[in-house]
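The structure appears right after this line, and notes come after that.
The values are calculated or read from the model by the stated rules, or taken from the named source; none is laboratory data. For clarity, every value in this text was computed on a predicted model and none was experimentally measured. Cβ atoms come from the backbone with ideal geometry, glycine included; neighbour counts cover every protein chain shown.
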Amino acid sequence: MKLFILLLHKELKEYFGARSVLVFLLLLSFFIGYSFITAVQLYSEQSLAAVDNPIYATGFEPCSGIFVPTFGGVFLLFSLFLPFVFIRSVYEEKKNNTIAMLRQMPYPSFLIILSKTVASCFLILCMGFILIPTLILWHSMGGHLPVSEIVLLFLGYGLYGLFIIGVSFFSASIFSSAANASIGALVLIIISWIIDFSKDSQVSPIINIFAKWTVTSNLKIFEHGIFSFSSLAYFIILSLLFIIFSDFFLTSFNSIRYVKIITVLFVFFILFYFITFISFNRDLTESRRNSFSPNVADALKKLPAFQLDIYLRKEDSRFKDFENTFLRKLHLLRNDIKDNIITGKQLSDKYGLFVYKLNGKSTQTYSNSEEEILPLLFKLADIPYSFKADVDSFKGYPIVIQTQLNNVKFIYYLLIPLLLVIIYILNLFIRKKVYS
């Protein structure tokens, strides 16, 4: 334990004394400020037509309208720049051969990578604190704070940061140069983007299988206001897999390294397999936009498993609308529903159709409306059901901001960067004084 504390102290000291960390935090402050200002301005402009229109006002939710776009700047920086910060931590150890020396001590070798992981997680936590002023500023403007959704958003990006840590350490452990390690980390991160793009373009049915397990698709679940245990487990398991592999490549000899890798891959494959059967999902949005009304949800749970054939291209606006208003709710409620996106000649012959198959029978419709789909489903199952939607009590939170947002610019373009520079200079001064 004493060695771990010493290693952790060393890692934290190196992180907060590194210019790369300072540059990253400065960029983060500017990106958050710009993203927040842009989101507030757009939200305010669109609210002008909704303040006196109760029906239109229900579509205004602060988390999806303000905080998800603000976190979008964090996503870009985490994906494209944060790996450089973490790779440096491992690369310097390899370059100076300190890992080999630490490995000769009578302590578990995994303490090296564990101390780096904990220090990196602490750095991610510090980055999260830079986002806190946006909550205070939004509240001071009169905006509403949906606490559960915001906490979920922080959780999702914290898990994404953990994934970046794992990928960075793994890439740094297998490449001999920092440049190659950086490229390797970016490739591993961007693969998820490529799969998502290919899924929307319907390149191959095989892509659709992997698309459900990309990092970005699981992060979007948190952005949509859904707590999913399987997505939580997915991030933790995948991140740990990369971190453990990085430990193998840094501290294990070739004779036993690959035995360890095969063993760990087998164990983690089993874990991934089991989390596919976990369907613990909760809609934490105040509007319940991801859920059916309680009476509809209770009735849908009684239906037998059914199959849905969709004769639409994924880029079609009708499919997007169907996915957001019905399909996502259905998968959140049940994980035994199969939906097939039809391609090829069949698609052109029946374009626009939704075919529902249940108990050997089928019915079809061109409608993507919940009010028309539900009666068809229950008629197909021979279950009596009278569709009566619950009264929606969510009123929405449109707000017109009259201020010029100069306080946001002051905090994120001047105050936070200035504090970061002062802390960095003080840290350098203290370290020089200690060593002298």
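Observations
- The single condition among (1) touching a helix residue (DSSP H, G or I) at 6+ places or on another chain (Cβ under 9 Å); (2) modelled with pLDDT under 85; (3) in a helix (DSSP H, G or I); (4) surrounded by fewer than 18 Cβ atoms within 10 Å (Cβ to Cβ) that residue 55 does not meet is (1).
- Count of residues meeting criterion [surrounded by fewer than 15 Cβ atoms within 10 Å (Cβ to Cβ), in contact (Cβ under 8 Å) with a residue 24 or more places away in the chain and over 20 Å from residue 227 (Cα atoms)] in the range 266-295: 1
- Hits in the range 322-357 (condition: exposed (fewer than 13 other Cβ atoms within 10 Å of the Cβ) and either at pLDDT 85 or above or under 21 Å from residue 380 (Cα atoms) (or both)): 336, 338
- In the range 112-141, the residues that are of a type in the set (Phe, Trp, Tyr) reach residues that are surrounded by fewer than 19 Cβ atoms within 10 Å (Cβ to Cβ) and outside any helix (DSSP H, G or I) with C-beta atoms within less than 7 angstrom, at least six apart or across chains, in these pairs: 138/145.
- Any hit, the range 196-211, residues being in the same structural domain as residue 164 (by TED's automatic domain parsing), assigned to a helix (DSSP H, G or I) and modelled with pLDDT of 90 or more: no
- Which listed residue is at pLDDT 95 or above and over 14 Å from the mean Cα position of the chain (by Cα), from 132, 150, 174: 132
- Close Cβ contacts (under 7 Å, 6 or more residues apart or on different chains) running from residues in the range 302-328 that are within 11 Å of residue 355 (Cα to Cα) and of a type in the set (A, V, I, L, M, F, W, C) to residues that are part of a loop (DSSP other than H, G, I, E, B) and at pLDDT below 85 comprise 306/337; 308/337; 310/342.
- Condition check for residue 143: farther than 20 Å from residue 15 by Cα, assigned by TED's automatic domain parsing to the domain that holds residue 237 and assigned to a loop (DSSP other than H, G, I, E, B): yes
- Of the residues in the range 78-98, at least one is surrounded by fewer than 14 Cβ atoms within 10 Å (Cβ to Cβ), of a type in the set (Lys, Arg) and under 16 Å from residue 169 (Cα atoms).
- Residues of the range 1-49 satisfying the condition of being among the hydroxyl-bearing types (Ser, Thr, Tyr), over 30 Å from residue 398 (Cα atoms) and surrounded by fewer than 20 Cβ atoms within 10 Å (Cβ to Cβ): 20
- Exactly one residue among 110, 129, 163, 122 is of a type outside the set (Lys, Arg), crowded, with 18+ Cβ neighbours inside 10 Å and on the phi < 0 side of the Ramachandran plot, and that residue is 163.
- Entirely in the range 316-370, the helices (runs of 4 or more DSSP H) that have 3 or more residues that are within 28 Å of residue 231 (Cβ to Cβ): 317-322, 328-333
- Test result for residue 250, assigned to a helix (DSSP H, G or I) and either modelled with pLDDT of 85 or more or farther than 22 Å from residue 86 by Cβ (or both): no
- So residue 387, is it surrounded by 13 or more Cβ atoms within 10 Å (Cβ to Cβ), hydrophobic (A, V, I, L, M, F, W, C), closer than 30 Å to residue 342 by Cβ and modelled with pLDDT under 85: yes
- Test: residue in the range 23-32 that is farther than 19 Å from residue 129 by Cβ and in the same structural domain as residue 221 (by TED's automatic domain parsing): no
- Test: residue in the range 358-380 that is modelled with pLDDT under 90, at positive phi and not basic (Lys, Arg): yes
- Answer residue from the range 58-75, given it is assigned to a helix (DSSP H, G or I) and hydroxyl-bearing (Ser, Thr, Tyr) and is surrounded by the fewest Cβ atoms within 10 Å (Cβ to Cβ) among those: 64
- Taking the range 329-368 as the range and being in contact (Cβ under 8 Å) with a residue 12 or more places away in the chain, more than 14 Å from residue 305 (Cα to Cα) and small (Gly, Ala, Ser) as the test, the residues that pass are 352, 367.
- Qualifying residue in the range 86-103 (condition: modelled with pLDDT of 90 or more, closer than 26 Å to residue 245 by Cβ and part of a helix (DSSP H, G or I)): yes
- Residues satisfying the stated conditions in the range 253-298, i.e. assigned to a helix (DSSP H, G or I) and charged (D, E, K, R): 257, 260, 298
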